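Worksheet: one structure, shown below.
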Amino acid sequence: MTTEAARRRLIAIVLLGLVPWVVVLFPGQFDLVFAWGWINSENWNVVTMWDYLFEYTRGFRALPRHLQAWPIATLLYCCALGSAASGAAIGREDRRVTAGLLVLAALSMLRYTIGFSHPTATVLPVFVPAVLVVCWWFYADALTPERIVEG
């Protein structure tokens, strides 16, 4: 693949990190969950993932499994971003690995979404379909059965 194609893949993955991953709609307010933290519209409070994990809770291990999925998805996304960046910078990217990391991040956010149960909330997993579109558009040719098993 050309360097230009690698740059386009990197831009697409960077854009995935800039959009809200989950939108939680409550009556009269909403939360936007990003890779780095979330924003609550009631008072426009910003909570970073660091603050959430280490100031407002007792750390990662103290969280319920569905809430652990959010930092895990962020870690997987960052690994995919690093893989795509190496492809753009030095031309060394296994696109199967990048796509796999993105899909695992999307599955992790799906777990976060499914576990979020509140009787008055509507949870929209924006990241999941966005990842599927990026993987289909930029990585589908690398994910054919023949390409997956080649050494």
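Here is how the numbers come out for the structure above:
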quantity	calculated
Residues that are touching a helix residue (DSSP H, G or I) at 6+ places or on another chain (Cβ under 8 Å) and among the hydrophobic types (A, V, I, L, M, F, W, C), drawn from segment 39-62	MET49, LEU53, PHE60
Qualifying residue in segment 128-139 (condition: more than 14 Å from LEU10 (Cα to Cα) and crowded, with 18+ Cβ neighbours inside 10 Å)	yes
Test set (1) in contact with a helix residue (DSSP H, G or I) (Cβ under 9 Å, 6 or more places away or on another chain); (2) at negative phi - THR122 fails condition number	(1)
Pair list, Cβ under 9 Å, 6 or more apart: segment 21-44 residue within 16 Å of ALA69 (Cα to Cα) and without any contact (Cβ under 8 Å) to a residue 60 or more places away in the chain, other residue loosely packed, with under 14 Cβ neighbours inside 10 Å and β-branched (Val, Ile, Thr)	PHE34/VAL19; TRP36/THR48; GLY37/VAL46; GLY37/THR48; TRP38/VAL46; TRP38/THR48
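Read-outs: derived from the displayed coordinates by stated rules, not from any lab. Keep in mind the model is a prediction, meaning the values are calculated, not measured. Here Cβ is always computed from backbone atoms with ideal geometry, including for glycine, and neighbour counts include all displayed protein chains.
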